[in-house]
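Quick notes on the structure that follows.
The values are calculated or read from the model by the stated rules, or taken from the named source; none is laboratory data. Treat the numbers as computed from the prediction; the structure is a model and nothing was measured. All Cβ positions, glycine included, derive from the backbone under ideal geometry; neighbour counts span all protein chains shown. Remember, those area values only see protein heavy atoms, side chains included, never the ligands or the DNA or RNA. Shrake-Rupley method; radii C 1.70, N 1.55, O 1.52, S 1.80 Å.
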There are 2 protein chains.
Amino acid sequence: MRLLEERILRDGKVRDGNVLKVDSFLNHQMDVKLFGEMAKEFFRLFGNDQVNQILTIEASGIGIACITAQVFNCPVIFAKKSKTKNIAGDVYTAKVDSFTHGGTYDIIVSKEYLVSSDRVLIIDDFLANGSALTGLASLVKDAGATLIGAGIAIEKAFQHGGDALREQGLRIESLAKIKSMENGKIEF
Amino acid sequence: MRLLEERILRDGKVRDGNVLKVDSFLNHQMDVKLFGEMAKEFFRLFGNDQVNQILTIEASGIGIACITAQVFNCPVIFAKKSKTKNIAGDVYTAKVDSFTHGGTYDIIVSKEYLVSSDRVLIIDDFLANGSALTGLASLVKDAGATLIGAGIAIEKAFQHGGDALREQGLRIESLAKIKSMENGKIEF
């Protein structure tokens, strides 16, 4: 998606450790107009797949997911990163390795809101090593729901998390796919 | 706002410890159509105040804030709950007591995205003891920005966090204001 690629080139900053800083428009300050265009693109890609539930993960996936859900006319459910006393009862859970923070954390969704009749589209801001996406996909599988695919804003293709998941048959559509960030130069 | 009150009465569940569980439509699964109606109501209340930045806090404020920002035609910035390596450089910070999780945590926003010319509307899902809102307001103050007010989905008025902040001159508009939840019965 050219609009997103141009924005990454204009405002993205490459930091040490393969970190792409896009917090002026994507995951700290959020440009909801851009999100609206991204949502339309996700709908162009997945609009014929009878999606009835969008699944994302807190925190920075939530904004894109909500605006995408408006276009798909369906609710969003976001996986939480730790068990809070506000989620009672049965949950599906998966372990995720954090690229940004290091370490491992649990993600959970309530069994009440992810059910076997659901046709689920996963939406997230980043795909790097694929750990979050793998965890989200396993929640969908545990619920017995149908996983339509994943819509990702930015895929760091050089980290190859997407490759492995695609080989397993998951349909992943990334709006900007970064081939390389060597020497601070972003290439799609 | 009658639509939200009716939804709380229909789907909200009162749990021990003054917890109101609204995670079927507000803060786990999210009804973005309802958020759209709430956004219009926030715009009716604050639409003449030249808001150019919406400030919220991760995670469950983000969805409502993004959809509200579409109506206000402005970006959202969300305060993060801990310092990640994706936020470099200078940040404004405040301490917040957690009602849901217990304990205290730091919230931060990058100085880059909250500046003295900003006219800020705070949006959040809950107002209970007022600690998150107090923290967010102090970030705005530290930035030298203008705090227009706060738009809250659900205020637990019996916890009185809103009273103290209103006495300090903050304009708070809550779409549903719960007077009491005694014996599991919600009264507005």
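A few comments on the model shown:
- Pairs linking a residue in segment A:154-169 that is in contact (Cβ under 8 Å) with a residue 24 or more places away in the chain to a residue that is open to solvent by 50 Å² or more (accessible area, probe 1.4 Å), with Cβ atoms under 6 Å and 6 or more positions apart or on different chains, are A:GLU155/A:LYS177; A:GLN159/A:ASN129; A:GLY161/A:ASN129.
- Within segment A:82-108, if we keep just the residues that are closer than 19 Å to B:GLY12 by Cβ and at the interface with chain B (Cβ under 9 Å from one of its Cβ atoms), the residue that is modelled with the lowest pLDDT turns out to be A:LYS85.
- A:ILE148 vs. criteria under 14 Å from the mean Cα position of the chain (by Cα) and either assigned to a strand (DSSP E or B) or among the basic types (Lys, Arg) (or both): yes
- Candidate set: segment A:10-22, residues that are open to solvent by less than 30 Å² (accessible area, probe 1.4 Å) and β-branched (Val, Ile, Thr); chosen: the one farthest from the other protein chains (Cβ to nearest Cβ): A:VAL22
- In this structure, A:VAL115 does satisfy being over 28 Å from A:LEU34 (Cβ atoms), modelled with pLDDT of 95 or more and not in a strand (DSSP E or B).
- Within segment A:151-166, the set of residues being open to solvent by less than 20 Å² (accessible area, probe 1.4 Å) and out of contact with any Lys or Arg (no Cβ under 7 Å at 6 or more places or on another chain) comprises A:GLY151, A:ILE152, A:ALA153, A:ILE154, A:LYS156, A:GLY161, A:GLY162, A:LEU165.
- Only one entry of B:PHE25, B:PHE78 meets the criterion of being open to solvent by less than 10 Å² (accessible area, probe 1.4 Å), more than 17 Å from A:ILE64 (Cβ to Cβ) and touching a Leu at 6+ places or on another chain (Cβ under 8 Å), and that entry is B:PHE25.
- Listing of strands (runs of 3 or more DSSP E) fully contained in segment B:1-69 that carry 3 or more residues being out of contact with any strand residue (DSSP E or B) (no Cβ under 6 Å at 6 or more places or on another chain) and not small (Gly, Ala, Ser): none
- A single entry from B:SER117, B:SER174 fulfils the requirement of being touching a strand residue (DSSP E or B) at 6+ places or on another chain (Cβ under 8 Å), among the small types (Gly, Ala, Ser) and open to solvent by 10 Å² or more (accessible area, probe 1.4 Å): B:SER174.
- Any hit, segment A:30-52, residues being open to solvent by less than 30 Å² (accessible area, probe 1.4 Å), out of contact with any helix residue (DSSP H, G or I) (no Cβ under 8 Å at 6 or more places or on another chain) and within 13 Å of chain B (Cβ to nearest Cβ): no
- Per the conditions (1) away from chain A (no Cβ under 14 Å); (2) under 15 Å from B:PHE46 (Cα atoms), the sole criterion not satisfied by B:SER116 is (2).
- No other residue among B:GLU58, B:GLU5 is of a type in the set (D, E, K, R), open to solvent by 10 Å² or more (accessible area, probe 1.4 Å), under 16 Å from the mean Cα position of the chain (by Cα) and within 14 Å of B:PHE126 (Cα to Cα) apart from B:GLU58.
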